[in-house]
1. Go through the stretch 563-593 residue by residue and tally those that are in contact (Cβ under 8 Å) with a residue 40 or more places away in the chain and part of a loop (DSSP other than H, G, I, E, B).
2. Taking the options 473, 487, name whichever one is surrounded by fewer than 23 Cβ atoms within 10 Å (Cβ to Cβ) and touching a helix residue (DSSP H, G or I) at 6+ places or on another chain (Cβ under 7 Å).
3. Take the residues in the stretch 260-299 that are surrounded by fewer than 16 Cβ atoms within 10 Å (Cβ to Cβ), over 21 Å from the mean Cα position of the chain (by Cα) and in contact (Cβ under 8 Å) with a residue 12 or more places away in the chain, then tell me which one is farthest from residue 372 (Cα to Cα).
4. Is it the case, given these coordinates, that residue 611 is assigned by TED's automatic domain parsing to the domain that holds residue 548 and more than 16 Å from residue 568 (Cβ to Cβ)?
5. I want to confirm something. Restricting to the stretch 350-399 and keeping residues that are assigned to a helix (DSSP H, G or I) and touching a residue at least 24 places away in the same chain (Cβ under 8 Å), which single residue is surrounded by the most Cβ atoms within 10 Å (Cβ to Cβ)?
6. Taking the stretch 340-378 on its own, how many of its residues are farther than 27 Å from residue 259 by Cα, at pLDDT 90 or above and in contact with a strand residue (DSSP E or B) (Cβ under 6 Å, 6 or more places away or on another chain)?
7. May I ask you to say which residue of 514, 555 is in the same structural domain as residue 468 (by TED's automatic domain parsing), surrounded by 23 or more Cβ atoms within 10 Å (Cβ to Cβ), out of contact with any strand residue (DSSP E or B) (no Cβ under 6 Å at 6 or more places or on another chain) and modelled with pLDDT under 90?
8. Among what's in the stretch 298-330 and is in contact with a strand residue (DSSP E or B) (Cβ under 8 Å, 6 or more places away or on another chain) and in a loop (DSSP other than H, G, I, E, B), pick the residue that is farthest from residue 349 (Cα to Cα).
């Protein structure tokens, strides 16, 4: 073979070298054929040819190298797939583009579209593509500025996956729009998400610079593999790899309700998924643009102003806990404080609203909107304050409504005072049942015969039901006990001492507190141990009270033969032994209807079940006590309660304080 032929053969062989996983780069003299891969330095990501499941098409992409389930995070030629072919390859052309060929090296299937020509003055050996451990494929020029410079990167061209270190936002310099696109073309730009707060796993950052506005995130622990993915239906989900189970676990997803759909309530409309039926409402000062469509549950046309806003009139109303509007019509100025933001917006007649840009600490920066306010939603938790421009009439109406609500609170206080003044002498159930001297006062206890005790039980149940269900405000008492049940001259029971009560919203079913208050012996387990209270925690206290009225003994403190015993445990043992009537107060003798007492004991045990779900509501209790209703099977009740007789009727809080409370004067009478 001639020397020239050998030289040409060697040159061709060198230029067509196959790459293996031993390298993380593609240089100007390399090519990547179907079956070859490059792997990032730490082994986290790989780049090469792949086919999706159940597909014969080939793509060039980046995937997790150490994950057993093939998980692609970036695709180069997603719009121009190629068929399986041994002639397909990836290489760098003479303009530093990374290109994909499918046999014909004259017409590439895909190109990175870099505009850096390689001339005689350019050192081509300094240009190469490198796959980083972040999953970013970058074009590097080692000779620029003394340190590597990225002339192109795959992170600037995201597909359907958002990785740590990527950006979602805008480049004001180049006009680039960093956004995710699902395989079928669904588009996602960043929107308000309450869960996206700084935590122990992820750190989210918002950057507002002279050239770029974007959001990004990082992972504190680099060993955690996590990604955002936009699927074919337009839903976004965060996945985290669990090595133990060898699968991806969903960490968070959206949309979760109708309000997560973009622009659900149109311009100047606000979405609230907690509302039953009509989830859209207009912002203050606005009315539905198309009332007919609006009340047919189509809020897409949004709202319009009731009246024209004069530039120098009106002001701003604050909306709390909302997702701020789409930022297309907004300007951000991080140099302005909250007060300056209001002044700037007030002085610009085109400004329709403003909000703080950075809500951390006392808040800083200014976002001002000029045009429609779109995609606002209400949050129970999370969100931030949004100030909306309204006319002078709307501002005055809002102030009048706020003043009226203050007046309402004063009336409520006055009513409580009148109730306190109107109470002269009321004795508690505690006085009749448990009050002891050196010798038991038989006359006092015999005043409560069984018919009176039964009516007291029913009266207490009706009173608590009124608080839970029939009153305008749902009230959880949190301190039902014998000393807080007052009896008038006719022995009618009245609930008293609402100092620990809490008001629930119409749709609220439970709440939590870090400061547990109440009385030992009457607290439900979930409240005493976890601070969780609801109507079912009041049911537990009622159950204890019912058993005390039957037995004439307190739940804690009078079982000297067994210090570990309490009323609930004693009742359960008698029930299991077939001796439940031994619970009855001896002062009643044999003058009581056995079946009625048995039914009351059953209801009492049912009310003190350990699991709140197993307890009935007060409405069910009244039905069971007053009719021949079937009582559900009984389970073992809660036995955890303290048995310290010294503080058996003491109120407690998270601070450990106690107060003996045998008389009370603040009451609400059930009707």
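The values are calculated or read from the model by the stated rules, or taken from the named source; none is laboratory data. Keep in mind that this is a model prediction, so the values were computed, not measured. Cβ sites come from the backbone with ideal geometry, for glycine too, and all protein chains shown count toward neighbours.
1. The number of residues fulfilling the criteria is 8.
2. Numbers: 473 fails: touching a helix residue (DSSP H, G or I) at 6+ places or on another chain (Cβ under 7 Å).
Within the list 473, 487, the selection yields 487.
3. Ranking the qualifying residues of the stretch 260-299, first place goes to 277.
4. Details: assigned by TED's automatic domain parsing to the domain that holds residue 548: yes; more than 16 Å from residue 568 (Cβ to Cβ): no.
Judged against the criteria, residue 611 is not a match.
5. Of all residues in the stretch 350-399, those assigned to a helix (DSSP H, G or I) come to 392-399.
Within this subset, residues satisfying the condition of being touching a residue at least 24 places away in the same chain (Cβ under 8 Å) are 392-395, 398.
Numbers: 392: 14, 393: 13, 394: 22, 395: 18, 398: 16.
So the residue we want is 394.
6. The total comes to 2.
7. Values: 514 fails: surrounded by 23 or more Cβ atoms within 10 Å (Cβ to Cβ).
Every option except 555 fails the conditions.
8. Here is the first cut: in the stretch 298-330, the residues in contact with a strand residue (DSSP E or B) (Cβ under 8 Å, 6 or more places away or on another chain) are 299, 301-306, 309, 314-325, 327, 329-330.
If we keep only those that are in a loop (DSSP other than H, G, I, E, B) too, we end up with 299, 301-302, 306, 309, 314, 324-325.
Details: 299: 27, 301: 24, 302: 22, 306: 17, 309: 9, 314: 11, 324: 20, 325: 19 Å.
Filtering first and then ranking leaves 299.
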